[in-house]
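What follows is a short report on a single structure.
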Amino acid sequence: MRRYTIQWFLLFILLGTVGRAEIATSTGKNVGTSQSIAQSNRQITGTAGVNEFDRTLIASVNQYSQRSRVFDKTIDLLSKNHLFKGGVFMTLFWWLWFRGDGLQAVRRTHILITLGVSVVNMAFVRVIALMAPLRLRPLYEPGLGFRIPLGENPHALDGWSSFPSDHAGLFFGLATGLLFVSRRIGVFTLIYTTVFIALPRIYLGLHYPTDILVGAISGIGLTLAANFYLAQRPAVQVVMGWSNKSPGEFYAIFFLFTFQVADMFDNVRSIFEALYGFLRTVTGHS
């Protein structure tokens, strides 16, 4: 049982990392600097390709940019610091895991499913980003006249397509899963994700509203489907049994896994990207 469960954890991690490695390689191979992207952007999506919905919301948010260095830096901190994103969520997940009442088994089942599908959410939106046409991030789109907030890196995520948002896919998915555990906390985290995770990325010019919307729909849909379909499945019950029979082994892996979720799998993905690049070099595909 333990071997079967560990394989599931490794599969979740692999799904989330290999996709990003492929994207990084194809991006580096086919896309140059943001300036060259801007020249070809009209052939890919075109300045006119920025729809009126995105254009209007970006303009309404961007009007507050560069008015206050303190405000701009605060938004930048919210966007980049994982403690304000995954740290908040994983704190709630751990608290709810150990919350003692008659519904503990049900809560833990939905927590395991939600954490597991979070990696699928990340992988799914990255695959969409790889397959969809390149979309410049708002701060690189010359037709928007975007004012970059004070102190923001003008080369942030240079060469990466903005569509869809993996932040939205991950955190709206986690918030949706929390609705199965605690409706009150689930609603709170949905609002928190909107205000403190999604909006800052729009303000900083990292995403269009539709990037956020599509990522959110993906994360919410996959998480709902997983929680409805997998709650009584054997694989989840195997993990639940393992947590009771071998708590030392389970919580060591559980801690590491939740740490990676809080970090958006950045450390694991960087390892797989390095390995992927090494293999491509060795096999002559660099």
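I need the phi-derived Karplus couplings for the stretch 83-92: 6.51 cos²θ - 1.76 cosθ + 1.60, θ = phi - 60°, integer Hz, Gly and Pro marked x.
5, 7, 10, x, x, 5, 5, 5, 4, 5
Compute the separation of the alpha-carbon centres of the stretch 108-181 and the stretch 196-266 and state it in Å as a whole number.
If you average the Cα positions of each part, the centres end up 13 Å apart.
Order 77-86, 272-281 from most to least packed using the mean count of other Cβ atoms within 10 Å.
77-86, 272-281
With the Cα gyration tensor of the stretch 180-286 giving a ≥ b ≥ c as the square roots of its eigenvalues, does the rule (a/c under 1.5 for rounded; else a/b larger than b/c for prolate; else oblate) give rounded, prolate or oblate?
Oblate, since a/c reaches 1.5 and b/c is not below a/b.
Using 0.36 nm per residue, how much length does the chain from ARG99 to GLU52 gain when fully extended, once their Cα-Cα distance is taken away?
My answer for the length gained is 12.3 nm.
Order 168-174, 263-269, 129-135 from most to least packed using the mean count of other Cβ atoms within 10 Å.
Output ranking for 168-174, 263-269, 129-135: 168-174, 263-269, 129-135.
Only the coordinates and a few stated rules stand behind these numbers; no lab work does. Predicted model, so just to flag it, every value in this text is computed and none were measured. Neighbour counts are summed over all protein chains in view; Cβ atoms, including those assigned to glycine, are modelled from backbone coordinates with ideal geometry.
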